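One structure below.
The values are calculated or read from the model by the stated rules, or taken from the named source; none is laboratory data. None of the values given here were measured: they were computed from a predicted structure. All Cβ positions, glycine included, derive from the backbone under ideal geometry; neighbour counts span all protein chains shown.
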Amino acid sequence: MLVDSHCHLNYKGLVEDRAGVLARARAAGVQGFLNISTKQSEWAAVLATAEAEPDVWASAGIHPHEADQHAGLELDDLLAATANPKVIAIGETGLDYFYDHSDRAVQRALFRMHIAAARTTGLPLIIHTRDAEADTAAILAEEMAAGAFLALIHCFTASAEFAQTVLDLGLTISLSGIVTFKNARDLQKIAAELPLDRILVETDAPFLAPIPHRGRTCEPAFVKDTCAFVAGLRGMTSDALAEATGHNFAQLFKKAGL
């Protein structure tokens, strides 16, 4: 079962032809899609897309870029958004110190609120982290010690040391098309050595199209190319890795009922 564990079906580049996008992905063998939200104003539309398609699910969360605009968000708001059967994850949330579009203290506070929501609901937390390894790791360790929760690092591009840290905390690592890039040698080495039961694959569509689609709008269908590339790194068949990552998705996102 091949699943795109992270895509933005309501974003420009996909939303204009969503039926075609999904049809092409299904024809490529993709059997599930997790449609990710990044700000409160899009929660309803992201959920509506999931409700309209049997193989699409939704998340509820605030991207760190949007933190300043959501400084007043309450935990109850986030919890209420997860009540729908098609909302199977919290996020994406986390820390982004590369762009610093939002105050770092606000990012950290909202990150902890999302963790609280994940702990309360039992839903997995989808984490975005960029140039913020130390703070991300520290918050995860502190919060995990306060009470366990499920989580994954999406679009992993961090160091091997950070990978080991989050694996030790029980997290899953999701690989995007970046792993196929020619300058991603360090990431490819990490991808080859990750525990098989801790890997997911994603597109982050409409961004980060993998080779051989570089320069094009990324579509969920392209998760097949990322899966095949990672399988090659690991000496596996693409079908075997698709089966493993699909199983991992089903185990992590149990609310999807796969």
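Some points to look at:
- Selection from the stretch 203-230 of residues that are charged (D, E, K, R) and in contact with a Cys (Cβ under 7 Å, 6 or more places away or on another chain): Asp204
- Exactly one residue out of Leu208, Leu200, Leu241 is in contact with a helix residue (DSSP H, G or I) (Cβ under 8 Å, 6 or more places away or on another chain), assigned to a loop (DSSP other than H, G, I, E, B), at pLDDT 95 or above and surrounded by 14 or more Cβ atoms within 10 Å (Cβ to Cβ), and it is Leu208.
- Residues that are in a helix (DSSP H, G or I), among the aliphatic types (A, V, I, L, M) and buried (at least 21 other Cβ atoms within 10 Å of the Cβ) within the stretch 119-145 comprise just one, Leu140.
- Going through (1) surrounded by fewer than 18 Cβ atoms within 10 Å (Cβ to Cβ); (2) among the hydrophobic types (A, V, I, L, M, F, W, C); (3) within 17 Å of Ala116 (Cβ to Cβ); (4) touching a helix residue (DSSP H, G or I) at 6+ places or on another chain (Cβ under 6 Å) one by one, Ala148 falls short only on (4).
- Of all residues in the stretch 172-193, those that are within 15 Å of Gly232 (Cα to Cα) have Cβ atoms under 6 Å from Cβ atoms of residues that are of a type in the set (Val, Ile, Thr) and in a strand (DSSP E or B), 6 or more apart or on another chain, in Leu175/Val201.
- Candidates Gly215, Gly232, filtered to the one that is outside any loop (DSSP other than H, G, I, E, B) and either crowded, with 19+ Cβ neighbours inside 10 Å or not hydroxyl-bearing (Ser, Thr, Tyr) (or both): Gly232
- First in the stretch 156-167 and closer than 13 Å to Asp135 by Cβ, second anywhere and of a type in the set (Asp, Glu), Cβ under 7 Å, 6 or more apart: Ala158/Glu133; Phe162/Glu133
- Scanning the stretch 15-64 for residues that are of a type in the set (Lys, Arg) and within 22 Å of His128 (Cβ to Cβ) yields a single hit, Lys39.
- When the stretch 170-197 is filtered for residues that are assigned to a loop (DSSP other than H, G, I, E, B) and either farther than 18 Å from Ile90 by Cα or β-branched (Val, Ile, Thr) (or both), the ones remaining, listed by number, are Ser176, Phe181, Lys182, Asn183, Ala184, Leu194, Pro195.
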